[in-house]
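Engineer: Provided herewith is a single structure, encoded as structure tokens, for subsequent inquiry.
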Amino acid sequence: MRPVNEYLDLNLLRTFVTIVNEKSISEAANKLYVTQPAVSSSLKRLEMHLESSLIERSSRHFHVTEAGLKVYEEAIQIPSRVSRLCMNIGNDKDKIEGILKIGIVSGARINIFDKSLEHIHTMHPNITCELKELLSQDIIRSVAFESLSLGITTLPLKSQSIKSFLLGTQRYRLYCGKAHPLYERNDLSLNDLTDCEWVSYTNSQLNGSLFEIEKFRIKHSLLGKNAAITQSLNEARRLIKCGWGIGCLPESFARDEEIKLNLRALPPSEGVANIDLYVIWNSQTVLTGAEQAAIDIIKEHAFFH
């Protein structure tokens, strides 16, 4: 029998990846703008070529087999491998150019990312960087729809199409502003915060990226009302500074204001929550040289920090 790679149509792999991502033959057909029988036929041809059942399905059941998972994991790597091949053949590092579109969550101050940006510009001066501050949900959506090259987000991801790695962690602490009654108090403890009003975040609800803050409040019975709610760290800092309530901010993000005496750090000194930051990108897109170079550099800084 001839080796599979001599006759396997890569479009069959593309169709299979779409079926797995959509968890449905009919949805895959809609995504690929083809008929449902055409998708079913492609799946059967792929299973025939590989001599393995890849998906078990019925009217109520959809299951990717162990063989199917192995095929999927290999198939989703093909675009990035082709991209690296194109980048490495006849492309000097100095010639890598293009636009690098990065979405970053509000208040994400992390030294690893800053060092990575510095390294990217030094190594590849012909890359143009567009940096946008967005909400985590918007970053994930934009990466999924390929309008962003990369994202720096707080949300942990469980996706087959979006890949991620841990960039670093931000420690969140409680703060109050000059206008708050606690600002001048000495010897504060958590008990002094029990009835305080709060500046809260829209994404601190269940399954939100900042839910650890809400868990801390519940655990320590810090059940004062939410006097203000925002989705932006910049606006949360503004509201806390203006005395609307106590609230959590990343320690590195609040430090400048604290130095200027606009904010006061509150108990506990060890902080309220450690929130992870992730780098995300779409593994199903063919990455440009600029995008692949950026991912490689950021990953190197994150892994060897």
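Engineer: Has the range 33-40 got at least one residue that is in contact with a strand residue (DSSP E or B) (Cβ under 8 Å, 6 or more places away or on another chain), surrounded by fewer than 14 Cβ atoms within 10 Å (Cβ to Cβ) and outside any helix (DSSP H, G or I)?
Structural biologist: The answer is no; no qualifying residue exists.
Engineer: Ok, one more. Take the residues in the range 9-27 that are under 15 Å from A38 (Cβ atoms) and open to solvent by 40 Å² or more (accessible area, probe 1.4 Å); name whichever of them is farthest from the chain's Cα centre (by Cα).
Structural biologist: Ranking the qualifying residues of the range 9-27, first place goes to D9.
To keep it simple, each residue is scored yes or no on (1) among the small types (G, A, S); (2) more than 25 Å from L193 (Cβ to Cβ); (3) in contact (Cβ under 8 Å) with a residue 12 or more places away in the chain.
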| position | (1), (2), (3) |
| --- | --- |
| A236 | yes, no, yes |
| K241 | no, no, yes |
| S252 | yes, no, yes |
| E257 | no, no, yes |
| L266 | no, no, yes |
| V272 | no, no, yes |
| I275 | no, no, yes |
| Q292 | no, yes, yes |
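Engineer: A further question follows. Picking from S59, S53, which residue would you name as being outside any helix (DSSP H, G or I) and either within 19 Å of S161 (Cβ to Cβ) or at pLDDT 90 or above (or both)?
Structural biologist: S53
Engineer: In the range 203-246, what residues are touching a strand residue (DSSP E or B) at 6+ places or on another chain (Cβ under 8 Å) and at positive phi?
Structural biologist: The answer is G243, G245.
Engineer: Six or more apart or on different chains, Cβ atoms under 7 Å: show the pairs whose first residue is in the range 158-182 and in a strand (DSSP E or B) and whose second is basic (K, R).
Structural biologist: Sorted first by the residue in the range 158-182, then by its partner, the pairs are F165/K299; Y175/R264; C176/R264; G177/K241.
Engineer: Count, please, the residues in the range 186-202 that happen to be open to solvent by 90 Å² or more (accessible area, probe 1.4 Å) and in a helix (DSSP H, G or I). Steps first, please.
Structural biologist: Initially, the range 186-202 is screened for residues open to solvent by 90 Å² or more (accessible area, probe 1.4 Å), giving 186-187, 191, 195.
Now restrict to residues that are in a helix (DSSP H, G or I): 191.
Summing the residues that are open to solvent by 90 Å² or more (accessible area, probe 1.4 Å) and in a helix (DSSP H, G or I) in the range 186-202 gives 1.
Engineer: Have a look at I152, I120, I140 and point out the one that is open to solvent by 30 Å² or more (accessible area, probe 1.4 Å), among the β-branched types (V, I, T), touching a residue at least 60 places away in the same chain (Cβ under 8 Å) and not in a loop (DSSP other than H, G, I, E, B). Spell out the reasoning first.
Structural biologist: Numbers: I152 fails: open to solvent by 30 Å² or more (accessible area, probe 1.4 Å); I120 fails: open to solvent by 30 Å² or more (accessible area, probe 1.4 Å).
Going through I152, I120, I140 in turn, just one is open to solvent by 30 Å² or more (accessible area, probe 1.4 Å), among the β-branched types (V, I, T), touching a residue at least 60 places away in the same chain (Cβ under 8 Å) and not in a loop (DSSP other than H, G, I, E, B): I140.
The values are calculated or read from the model by the stated rules, or taken from the named source; none is laboratory data. Quick caveat, the model's predicted, so the values are computed rather than measured. Using ideal geometry, Cβ is built from the backbone for each residue, glycine included, and neighbour counts are taken over all protein chains shown. The protein model used for the area step is the full one, side chains on, heavy atoms only, and it has no ligands, DNA or RNA in it. Shrake-Rupley method; radii C 1.70, N 1.55, O 1.52, S 1.80 Å.
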